[in-house]
Amino acid sequence: MTTMLGIDLRGRRVLLAGGGSVAGRRAETLLAEGAALHVVAPELGERLTALVEAGAATWRGGAVREEDLDGAWLVHTATGSAATDAAVAAWAATRATFCIVASAAEAGTARMTASARVDDVVLGVVSAGSPDPLRSVAVRDALAEGLRSGEVAVRRRRRGGQGRVVLVGGGPGAVDLLTVRGRKALADADVVVTDRLGATGVLDELPDDVEVIDVGKRLGHHPVPQDGINRILVERALAGQRVVRLKGGDPFVYGRGGEEVLACRAAGIEVEVVPGISSALSVPAAAGIPLTHRGVATSAHIVNGQDALTDATLEALRDPSVTTVFLMGVSPLAERVERMLAEGVPADTPVAIVERGWTPSQRTTRARLDRIVAVGETAGVRSPAIVVVGAVAAERFLEPQRSPQEVAAT
């Protein structure tokens, strides 16, 4: 049976017998671990020559002898001669020194691992029975990718010092649109402070001991005010916890992420922002609506639908080359449309309302500006929804990403 050990080679003498390509590759691995490497070989290949000339390793020319093992903590033999490698292994055994035999791993008392460093963890995979290096490498790569992506949620259990806060943009709601960096942050979280919208389905994948605090706002109902959210983030980080603030869309697009960053910095808390795919961009795309399209729309204007229409927004709405996107714009839609028409926005301007983007119940309602309120009321349009105003809303340019319903004025 093979036992896995983490061995500290920093500053310790390691003997490498052999000067060929295999020895060269292994030399680089051993040096990366800080070994004081001494090479014995009649001659050196290109890699080892470069390492010796750079002063990274020492070299004695000639055949390996038993006394070369003096003072070595570890021996690695790759001479190209099975008989010589066997002799080195025997010398090492009499000295109770671990030995790696490159030509016959089962003949040695130690084996090189297929290793990878992921943050502050070194992942090593080694064959327990008959050596199978290619399988070890494949297992290593799969596990390392899982750790890097956050799909393997193995967070630190021993924390030291002050915690930190990561603001993660959860995108429009589909878990597979959450970024790799966002999933990785969630995999390392002790506490997740979450909104109602976004990739909340990912919370089901978290370990049971990760605390989830729901601070999601609903129309007319804000159970935890922004000051309260800021206080939760700061208090938990000061207690030494890793805190993820999971937000719908992107933290810096009407997500009050800037306020949360400022609160953390004022308290001396380390804070990171992981961007998300904003619903202003992704939800129209899910309905097949490009915000810009050559010959149709050359720019996009993004607006908080809860705010009053500004002169800049009205100017954009009157410009046929601009697409205007309203976030959180369903409840004030009738009032906003009345103002648009009064301010000279053409009555036949196309409008599309995309509800529950990127979910199985996604639905798009389309009509011209002067009819969208009546059509929306008949269809029973509800939040969450994105309102797209402009020429690109007239028709489906692309096949939708899901199988949404489509409502259009007759």
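The values are calculated or read from the model by the stated rules, or taken from the named source; none is laboratory data. This one's a predicted model, so the numbers in the text were calculated from it and none came from an experiment. We place every Cβ from the backbone using ideal geometry, glycine too, and count neighbours over all the protein chains shown. Remember, those area values only see protein heavy atoms, side chains included, never the ligands or the DNA or RNA. Shrake-Rupley method; radii C 1.70, N 1.55, O 1.52, S 1.80 Å.
For this structure, a couple of remarks:
- The residues of the range 298-315 that are open to solvent by less than 20 Å² (accessible area, probe 1.4 Å) and over 23 Å from D250 (Cα atoms) amount to a single one, L314.
- Test: G45 is surrounded by 14 or more Cβ atoms within 10 Å (Cβ to Cβ) and either farther than 24 Å from A114 by Cβ or touching a Gly at 6+ places or on another chain (Cβ under 6 Å) (or both): yes
- Filtering the range 322-346 to residues that are at pLDDT 95 or above and at positive phi leaves only G344.
- Top-ranked residue in the range 338-347 [being open to solvent by 10 Å² or more (accessible area, probe 1.4 Å) and either of a type in the set (V, I, T) or in contact (Cβ under 8 Å) with a residue 12 or more places away in the chain (or both); ranked as nearest to R382 (Cα to Cα)]: R339
- Hey, A50 open to solvent by 50 Å² or more (accessible area, probe 1.4 Å), in a loop (DSSP other than H, G, I, E, B) and either farther than 18 Å from A110 by Cβ or of a type in the set (G, A, S) (or both) or not: no
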